[in-house]
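The values are calculated or read from the model by the stated rules, or taken from the named source; none is laboratory data. Bear in mind the structure is a predicted one, so any value in this text is a computation, not a measurement. We place every Cβ from the backbone using ideal geometry, glycine too, and count neighbours over all the protein chains shown. For accessibility, only protein heavy atoms count, side chains too; no ligands or nucleic acids. Shrake-Rupley method; radii C 1.70, N 1.55, O 1.52, S 1.80 Å.
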Amino acid sequence: MSLEVEVASPDDALTSLLAGSADVAAIFNLMPRRDIHVHWSAELPFGCVVAPDYALARSETVSLQEVVAHPIALQSKALMIRRYLDARYGWLFADPHKALVTNSLQLVKQLARGGSYVAFTSELDAAPEIIAGTLVFLPVRDKGAEPQTVSVAIDAKKPLSRIGRIVVDMLTNEIMASLQHARAAGRDAIK
């Protein structure tokens with residue numbers, strides 16, 4: 001068996017799935033489509049991450065007003081979370097000097113770990129750091145702060161092979177385990 005794993009933006013992952021160059025995809029914020037079968041999906045609370053010693057880290061949740069008072073490490077518009085933020089909370093970025101924008105999720109997390117920035121991202125994106133205790137996830141409590149989703153999906157028009165089914169199940173189990181570990185570590189950090 002040969003397995004190739006690629007990291008892509010949600011748009012590119014969907015395109016690859018529909019073009020037949022990918023058999024399975026884990027996609028953030030996948031909109032319902034007739035040509036896509038979602039094998040599994042989970043909601044991810046909308047939130048941000050900070051270093052454990054950052055002032056906001058003492059809170060269980062944060063408001064967007066609290067976050068905007070701090071420098072923000074922000075993902076570029078290539079990623080869905082940024083498009084979501086721009087569409088719903090464009091006012092967050094009224095002061096361009098308070099945000100550092102990059103297309104690198106790793107840099108966003110590194111800046112947050114450094115203790116000088118707040119970063120909007122999901123608990124799944126930051127799971128390794130949350131589990132290691134180098135970042136703390138804080139859900140946004142503002143009314144209307146909609147959760148993101150993560151979905152494991154396949155092309156609905158194409159039959160999935162036995163190996164493909166195994167990969168779908170493994171990918172689903174890995175994502176679920178990662179989320180469970182991150183959430184358990186987050187609860188332990190609050191205690």
The set of residues whose placed amide H lies less than 5 Å from the amide H of TRP40, leaving out same-chain residues fewer than 5 positions away, is VAL152
Per principal axis, descending, Cα span of the stretch 1-110 in whole Å
48, 29, 24
Per DSSP helix of 4 or more residues, -39500 (n - 2.57); summed, then divided by the residues of the chain. What does that give at 222 nm, rounded to the nearest 500?
-11000 deg cm²/dmol
Take the chain, connect every pair of alpha-carbon atoms lying under 10 Å apart with a spring to form a Gaussian network, then pick out the residue of TYR89, TYR117, TYR54 with the largest mean-square fluctuation.
TYR89
Length gained if SER2 through TRP91 is fully extended, taking 0.36 nm per residue and subtracting the Cα-Cα distance, is 27.4 nm
Hey, if we sort ARG34, ARG82, ARG88, ARG162 by accessible area with the 1.4 Å probe, largest down, what's the order?
ARG34, ARG162, ARG88, ARG82
Per-selection Rg to Rh, the stretch 145-191 - Cα, Kirkwood hydrodynamic radius
1.16
Suppose each label sits 7 Å from its Cα in the direction of the beta carbon; what would the GLU146-ARG58 distance come out to in nanometres?
3.5
Report relative contact order for the stretch 73-191 in percent, whole number only (criteria: Cα-Cα under 8 Å, sequence separation at least 6).
27
May I ask you to give the average projected area over all directions of the convex hull of the Cα atoms of the stretch 71-133, in nm² rounded to one decimal?
4.1
Taking N as the number of residues in the chain, the ratio of its alpha carbon radius of gyration to 2.2 N^0.38 Å works out to 1.07
Report the per residue volume, in Å³, of the convex hull enclosing the C-alpha atoms of the stretch 108-191.
123
